[in-house]
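Written below as C-alpha cells is the structure these notes are about.
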Amino acid sequence: MPPAPFAAPTAEAVAETVASLLPRARAELAELVAFRSVADPAQFPRSECEAAANWVAAALRAEGFQDVALLDTPDGTQSVYGFLPGPEGAPTVLLYAHYDVQPPLDVDAWVSPPFELTERDGRWYGRGAADCKGGFIMHLTALRALKANGGVPVGVKVIAEGSEEQGTGGLERYAEAHPELLEADTVVIGDTGNFRVGLPTVTASLRGMTMLRVTVDTLEGNLHSGQFGGAAPDALAALIRLLDSLRAQDGSTTVDGLAADGVWEGLEYPEEDFRKDARVLDGVELIGSGSVADRIWARPAVTVIGIDCPPVVGATPSVQARARAQISLRVPPGTDAGEATKLLTAHLHAHAPWGARVSVEQVGQGQPFLADVGSPAYASMARAMRVAYPGEEMQSAGMGGSIPLCNTLAALYPRAEILLIGLSEPEAQIHAVNESVSPQELERLSLAEALFLVDYAASRA
C-alpha cells in the first residue's frame with residue numbers, strides 16, 4: 001500500500017531535524033569509513049567491499065526500503081539497490097553514491113589512520129569521508145529528515161556502486177542488461193562537490209576517461225649496465241621518452257589527432273585559488289595553456305599514474321629489459337572516449353624510440369558528460385540551495401573527474417534529468433592522503449537535497 005498523501009514541511013523544521021541528525025551521521029560515517037573497501041583484490045581482500053556493501057544494504061532496510069539487493073555486477077563487484085515507494089502518482093528520484101574508495105596511498109603520510117574517521121580542525125578525516133561514503137550518508141540524512149517531518153514526497157531508488165573508483169564498468173553493464181531497474185524521472189548523483197566550501201554548486205560537465213597500460217620491451221632479459229650499457233636499448237629509458245611525447249614543452253597534453261584547444265564558458269577558477277587548492281609548491285609553475293578552467297574542464301589531460309620499475313632501494317646496475325606504465329587520459333565533453341583511446345594507443349605505438357616493442361592494454365573507459373542545467377529539476381535544486389546556503393545562489397561548474405554511469409543513465413533514460421552534487425570540494429583532497437569532509441557541508445547539502453525533493457515533488461504535482 002502506498003504511503004498517505006504528502007504534506008510539505010517547513011524548511012525551518014527540516015533544517016532543525018538535519019542538524020539534530022548530524023551526530024548520527026558522523027557515527028555511521030565512521031562505521032562505513034572503517035571498511036577498507038578498495039575494489040582491487042590485489043591490495044585489499046574482497047571481504048572488505050562485501051562487508052561495506054552489506055552495511056549499506058542493512059542501512060536501507062532499516063529505513064524501510066524494499067527490494068534491497070546486492071547486485072553482482074559483471075566486473076566481479078557488488079552494487080547495492082533499494083526502493084522506497086512514494087505517494088501515489090509521485091515522481092521517482094534515483095539517488096547515487098559509491099561505497100568503494102581509492103587506496104590510502106602513503107599510510108605514513110596520513111596524520112590520522114586512513115580508515116578511522118578522525119575529527120580535526122573542524123573537519124572529519126578518513127578515506128571515503130567525502131568520496132563517496134559521505135555521499136551515501138548525505139542521502140540517508142536527507143531522507144531521514146523528511147521522514148521525521150511527514151514523509152518522503154517522491155518514490156526513491158538508491159544505488160550504491162562498488163567499483164566506481166576502478167572504472168571497470170560493472171554497474172554500467174548491469175544497468176544496460178536490466179534497463180528497468182534504475183529508471184527514474186530524475187537522478188541525483190552525490191559524487192561531485194561545491195566549487196568552494198559554502199558556495200552551492202552543481203556540476204555541469206564531467207570529463208570522460210580512458211585508462212591504458214603500456215608495456216615496453218627491448219631485450220630478452222636484463223643486462224649488466226657496465227658490460228652492455230651505452231649500446232643495449234634500455235626499456236625504462238624508452239618508456240620515459242615515450243611518456244614525455246605526451247606533453248608539450250609547457251606541459252599541455254599532446255596526443256596525435258586529439259583536439260586540445262577547448263574553452264570553458266562559465267564559472268572561472270582564479271589561478272591563485274587553484275594553486276592553493278592544488279597545494280602547488282612555491283616557484284613551481286602550472287602546466288598547460290589557457291585559463292585554469294579551460295585546462296581542467298574543457299581540455300584533455302594525460303597523467304602517468306604508475307610505473308613498474310626497480311625501486312631505488314635494492315636496485316642493481318642493470319639495463320632494464322621491460323618497463324610498464326599506467327596512463328589516465330581525461331577527455332572533455334564533445335570528445336568520444338573510444339576515439340580518444342584509439343588515438344592514444346596509436347600515439348604510443350608511433351612514438352616508441354629505437355624500435356622498442358610497445359603493447360597497450362585498455363584497463364577502463366568512461367564517456368564525458370554534459371548536463372542540461374536549464375531543466376526543471378535544476379530550478380528546484382537552485383531554490384533548495386538558496387535556502388540551505390542563505391545569501392548564496394547556486395553556481396554551475398565543471399569537474400575534471402569522470403562518473404561513467406552518468407552517460408549510461410542518460411542513454412537508457414533520455415527523459416530523465418541528471419543533477420550532480422556532493423561533498424568533494426577542494427579542501428576535501430579526495431584521492432590524496434588526509435582526505436576529509438566538512439560536517440557543515442554535509443549538513444547543508446543534506447538539507448538542500450531534502451528541500452529539493454519537496455520542491456521537485458510539488459513542481460510535478
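Restricting to the stretch 117-162, name every residue that is in contact with a His (Cβ under 8 Å, 6 or more places away or on another chain) and among the small types (Gly, Ala, Ser).
Answer for the stretch 117-162, where residues must be in contact with a His (Cβ under 8 Å, 6 or more places away or on another chain) and among the small types (Gly, Ala, Ser): Gly135, Ala160, Gly162.
How about the stretch 39-78: which of its residues are of a type in the set (S, T, N, Q) and either within 25 Å of Phe115 (Cα to Cα) or at pLDDT below 95 (or both)?
Gln43, Ser47, Asn54, Thr77, Gln78
Across the stretch 425-439, which residue is surrounded by the most Cβ atoms within 10 Å (Cβ to Cβ) among those that are of a type in the set (S, T, N, Q) and not in a strand (DSSP E or B)? Write out each step before concluding.
Residues of the stretch 425-439 of a type in the set (S, T, N, Q): 429, 434, 436, 438.
Add one more test, that the residue is not in a strand (DSSP E or B), and what stays is 429, 434, 438.
Values: Gln429: 19, Asn434: 19, Ser438: 23.
Out of the qualifying residues, it is Ser438.
Looking at Val373, Val302, Val358, Val363, which is the one that is open to solvent by less than 80 Å² (accessible area, probe 1.4 Å), in a loop (DSSP other than H, G, I, E, B) and in contact (Cβ under 8 Å) with a residue 40 or more places away in the chain?
Details: Val302 fails: in a loop (DSSP other than H, G, I, E, B); Val358 fails: in a loop (DSSP other than H, G, I, E, B); Val363 fails: in a loop (DSSP other than H, G, I, E, B).
None of the others qualify; the one that does is Val373.
Could you give me the residue pairs with C-beta distances under 6 Å whose first residue belongs to the stretch 270-288 and is over 17 Å from Ala432 (Cβ atoms), whose second residue is among the charged types (D, E, K, R) wherever it lies, and which are 6+ apart or on separate chains?
Final answer for the pair search is Gly288/Arg295.
Could you check the stretch 441-461 and list, in sequence order, the residues that are open to solvent by 10 Å² or more (accessible area, probe 1.4 Å) and within 21 Å of the chain's Cα centre (by Cα)?
Hits for the stretch 441-461 are Glu443, Arg444.
Hey, can you tell me all the residues within the stretch 208-248 that are polar (S, T, N, Q) and touching a residue at least 40 places away in the same chain (Cβ under 8 Å)? First the steps, then the outcome.
Going through the stretch 208-248, the residues polar (S, T, N, Q) turn out to be 210, 215, 218, 222, 225, 227, 245.
Within the stretch 208-248, Thr210, Thr215, Thr218, Asn222, Ser225, Ser245 meet the criteria.
Quickly run through the stretch 116-151 and pick out the residues that are of a type in the set (A, V, I, L, M) and in a loop (DSSP other than H, G, I, E, B). Steps first, answer last, please.
First pass over the stretch 116-151, keeping only residues of a type in the set (A, V, I, L, M): 117, 129-130, 137-138, 140, 142-143, 145-146, 148.
Passing the criteria: Leu117, Ala129, Ala130, Ala148.
Say we look at the stretch 44-59 and pick out the residues that are aliphatic (A, V, I, L, M) and under 17 Å from Glu165 (Cα atoms); which of these is surrounded by the fewest Cβ atoms within 10 Å (Cβ to Cβ)?
We begin by selecting, within the stretch 44-59, every residue aliphatic (A, V, I, L, M); these are 51-53, 56-59.
Then drop every residue that is not under 17 Å from Glu165 (Cα atoms), which leaves 52-53.
Details: Ala52: 28, Ala53: 23.
Among those that are aliphatic (A, V, I, L, M) and under 17 Å from Glu165 (Cα atoms), it is Ala53.
How many residues are surrounded by fewer than 14 Cβ atoms within 10 Å (Cβ to Cβ) and under 22 Å from Arg295 (Cβ atoms) when one looks only at the stretch 337-355?
1
Within the stretch 109-149, track down each residue that is among the aliphatic types (A, V, I, L, M), open to solvent by 30 Å² or more (accessible area, probe 1.4 Å) and closer than 21 Å to Thr17 by Cα. Lay out the reasoning, then the answer.
We begin by selecting, within the stretch 109-149, every residue among the aliphatic types (A, V, I, L, M); these are 109, 111, 117, 129-130, 137-138, 140, 142-143, 145-146, 148.
When the remaining residues are screened for being open to solvent by 30 Å² or more (accessible area, probe 1.4 Å), the result is 109, 111, 148.
Within the stretch 109-149, Ala148 is the sole residue that qualifies.
Are any residues in the stretch 377-403 in contact with a strand residue (DSSP E or B) (Cβ under 7 Å, 6 or more places away or on another chain) and either open to solvent by 20 Å² or more (accessible area, probe 1.4 Å) or in a loop (DSSP other than H, G, I, E, B) (or both), and if so, which ones? I'd like the intermediate steps shown before the answer.
Just the residues of the stretch 377-403 that are in contact with a strand residue (DSSP E or B) (Cβ under 7 Å, 6 or more places away or on another chain), to begin with: 377-378, 381, 392, 394-403.
Of everything in the stretch 377-403, those that are in contact with a strand residue (DSSP E or B) (Cβ under 7 Å, 6 or more places away or on another chain) and either open to solvent by 20 Å² or more (accessible area, probe 1.4 Å) or in a loop (DSSP other than H, G, I, E, B) (or both) turn out to be Glu392, Met394, Gln395, Ser396, Met399, Gly400, Gly401, Ser402, Ile403.
Six or more apart or on different chains, Cβ atoms under 8 Å: show the pairs whose first residue is in the stretch 328-354 and assigned to a helix (DSSP H, G or I) and whose second is of a type in the set (Lys, Arg).
What qualifies is Pro353/Arg241.
I'd like the residue in the stretch 3-39 that is open to solvent by 40 Å² or more (accessible area, probe 1.4 Å) and among the acidic types (Asp, Glu) and, out of all such residues, is nearest to Ser79 (Cα to Cα). Steps first, answer last, please.
So the first thing to find is which residues in the stretch 3-39 are open to solvent by 40 Å² or more (accessible area, probe 1.4 Å), and the list is 3-8, 10, 12, 16, 19-20, 23-24, 26-27, 31, 34-36.
Keeping just the survivors that are among the acidic types (Asp, Glu) gives 12, 16, 31.
On the way: Glu12: 35, Glu16: 32, Glu31: 18 Å.
In this case the residue turns out to be Glu31.
With the requirement that a residue be touching a residue at least 40 places away in the same chain (Cβ under 8 Å) and either assigned to a helix (DSSP H, G or I) or in contact with a Leu (Cβ under 6 Å, 6 or more places away or on another chain) (or both), what does the stretch 32-54 give you?
Matches in the stretch 32-54: Leu32, Val33, Cys49, Ala52, Ala53.
Name the helices (runs of 4 or more DSSP H) wholly within the stretch 220-288 that hold at least 1 residues that are farther than 30 Å from Thr316 by Cβ?
Working: elements: 225-228, 235-244, 271-278.
By residue number, 271-278.
Hey, can you tell me all the residues within the stretch 404-424 that are open to solvent by 60 Å² or more (accessible area, probe 1.4 Å) and either in a loop (DSSP other than H, G, I, E, B) or touching a Gly at 6+ places or on another chain (Cβ under 6 Å) (or both)? Walk me through how you get there before you give the answer.
Let us first name the residues in the stretch 404-424 that are open to solvent by 60 Å² or more (accessible area, probe 1.4 Å), namely 411, 414-415.
Across the stretch 404-424, the qualifying residues are Pro414, Arg415.
Which one of Gln66, Gln102 is farther than 21 Å from Arg26 by Cβ, exposed (fewer than 15 other Cβ atoms within 10 Å of the Cβ) and touching a residue at least 12 places away in the same chain (Cβ under 8 Å)? Give the steps one after another, and end with the answer.
Details: Gln102 fails: exposed (fewer than 15 other Cβ atoms within 10 Å of the Cβ).
The conditions single out Gln66.
Quick one: would you say Pro74 is touching a residue at least 40 places away in the same chain (Cβ under 8 Å) and out of contact with any helix residue (DSSP H, G or I) (no Cβ under 9 Å at 6 or more places or on another chain)? Explain how you work it out, then say what you get.
Working: touching a residue at least 40 places away in the same chain (Cβ under 8 Å): yes; out of contact with any helix residue (DSSP H, G or I) (no Cβ under 9 Å at 6 or more places or on another chain): no.
It is false that Pro74 is touching a residue at least 40 places away in the same chain (Cβ under 8 Å) and out of contact with any helix residue (DSSP H, G or I) (no Cβ under 9 Å at 6 or more places or on another chain).
Condition test on Ala175, is it assigned to a loop (DSSP other than H, G, I, E, B) and touching a residue at least 60 places away in the same chain (Cβ under 8 Å)?
Values: assigned to a loop (DSSP other than H, G, I, E, B): no; touching a residue at least 60 places away in the same chain (Cβ under 8 Å): yes.
Answer is no for this residue.
Being of a type in the set (Lys, Arg) and farther than 24 Å from Glu449 by Cα is the filter here; which residues of the stretch 148-203 pass it? Steps first, answer last, please.
First pass over the stretch 148-203, keeping only residues of a type in the set (Lys, Arg): 157, 173, 196.
Hit for the stretch 148-203 is Arg173, nothing else.
What single numbered condition from (1) surrounded by fewer than 19 Cβ atoms within 10 Å (Cβ to Cβ); (2) not hydroxyl-bearing (Ser, Thr, Tyr); (3) not in a loop (DSSP other than H, G, I, E, B) fails to hold for Gly89?
Checking Gly89 against (1) surrounded by fewer than 19 Cβ atoms within 10 Å (Cβ to Cβ); (2) not hydroxyl-bearing (Ser, Thr, Tyr); (3) not in a loop (DSSP other than H, G, I, E, B), the one that fails is (3).
The values are calculated or read from the model by the stated rules, or taken from the named source; none is laboratory data. Predicted model only: the values in this text are computed from it and were never measured. Positions of Cβ are backbone-derived with ideal geometry, glycine not excepted, and every protein chain shown enters the neighbour counts. All accessible areas refer to the heavy atoms of the entire protein, side chains included, with ligands and DNA or RNA removed. Shrake-Rupley method; radii C 1.70, N 1.55, O 1.52, S 1.80 Å.
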